[in-house]
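Enquirer: To start, I am sharing the structure in question, which I have written as structure tokens.
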């Protein structure tokens, strides 16, 4: 719903409503900036759980202004290694999210989680990450069977947590990231005080008309 220059936005998986969703925000902004109001360079969204968000054109990319999510180191959850099929070198927590850090990209790529076990775990979602290679600062995967999604292909909201973690660890505020799910995706991340900018591209694949 539009109100003034902003639009209301909420996000739902097949099972639940979530507090933030990157790819759906990117897609909504693409439709508004390319099809509904092509003269605009920026659009704002009013959300229930993440405040005001904005998306701005950056050449062929769209840059999303999201909140920073900070995590704290935590003990290794006892059931996590069995659920993931491997033991991370460190773990962090932010609310219902567990961040599991591995030593190598290959460790993250090789994971074959037990999604039934993950769904029974106290954490609603598990984000796994490791240093990247060949110009990529870090890689990740995101598992959230409790939200109705075993593995999300590309997760913008997860990078609200990943960006401050890797920014501190690598000593840089601009980072290149890749989510190495089966489909995969690249993100350009920037840390700006208490905000994260995530830039990515969108492609139109279908247009249609619904008659009500």
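The values are calculated or read from the model by the stated rules, or taken from the named source; none is laboratory data. Since the structure is predicted, the reported quantities are computational estimates derived from the model, not experimental observations. Positions of Cβ are backbone-derived with ideal geometry, glycine not excepted, and every protein chain shown enters the neighbour counts.
Enquirer: Out of everything in segment 179-199 that is assigned to a strand (DSSP E or B) and within 15 Å of residue 108 (Cβ to Cβ), what residue ends up being modelled with the highest pLDDT?
Expert: My answer is 179.
Enquirer: Among residues belonging to segment 78-94 that are free of Cβ contacts under 8 Å to residues at least 12 places away in the same chain and either in contact with a helix residue (DSSP H, G or I) (Cβ under 6 Å, 6 or more places away or on another chain) or not in a helix (DSSP H, G or I) (or both), point out the one that is farthest from residue 178 (Cα to Cα).
Expert: Just the residues of segment 78-94 that are free of Cβ contacts under 8 Å to residues at least 12 places away in the same chain, to begin with: 78, 81, 87.
With either in contact with a helix residue (DSSP H, G or I) (Cβ under 6 Å, 6 or more places away or on another chain) or not in a helix (DSSP H, G or I) (or both) added as a condition, the list becomes 78, 87.
Working: 78: 28, 87: 21 Å.
So the residue we want is 78.
Residues checked against (1) at pLDDT below 90; (2) buried (at least 16 other Cβ atoms within 10 Å of the Cβ):
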site	(1), (2)
14	yes, no
21	yes, yes
31	no, no
39	yes, no
49	yes, no
76	no, no
87	no, no
99	no, yes
105	no, yes
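Enquirer: In segment 126-139, what residues are crowded, with 22+ Cβ neighbours inside 10 Å and under 17 Å from residue 174 (Cβ atoms)?
Expert: Of the residues in segment 126-139, the ones crowded, with 22+ Cβ neighbours inside 10 Å are 126-130, 138-139.
Matches in segment 126-139: 138, 139.
Enquirer: Taking segment 150-209 as the search range and keeping residues that are in contact with a helix residue (DSSP H, G or I) (Cβ under 7 Å, 6 or more places away or on another chain) and under 23 Å from residue 112 (Cβ atoms), which one is surrounded by the fewest Cβ atoms within 10 Å (Cβ to Cβ)?
Expert: Selected residue: 150.
Enquirer: Could you tell me which of the residues 8, 24 is over 24 Å from residue 119 (Cβ atoms) and under 22 Å from the mean Cα position of the chain (by Cα)?
Expert: 8
Enquirer: So which of 55, 43 ends up being within 16 Å of the chain's Cα centre (by Cα), in a strand (DSSP E or B), in contact (Cβ under 8 Å) with a residue 12 or more places away in the chain and surrounded by 14 or more Cβ atoms within 10 Å (Cβ to Cβ)?
Expert: Result: 55 is the single residue among 55, 43 that is within 16 Å of the chain's Cα centre (by Cα), in a strand (DSSP E or B), in contact (Cβ under 8 Å) with a residue 12 or more places away in the chain and surrounded by 14 or more Cβ atoms within 10 Å (Cβ to Cβ).
Enquirer: Kindly provide the set of residues from segment 136-175 that are under 12 Å from the mean Cα position of the chain (by Cα), assigned to a loop (DSSP other than H, G, I, E, B) and under 21 Å from residue 122 (Cβ atoms), ordered by number.
Expert: Passing the criteria: 155, 157, 158.
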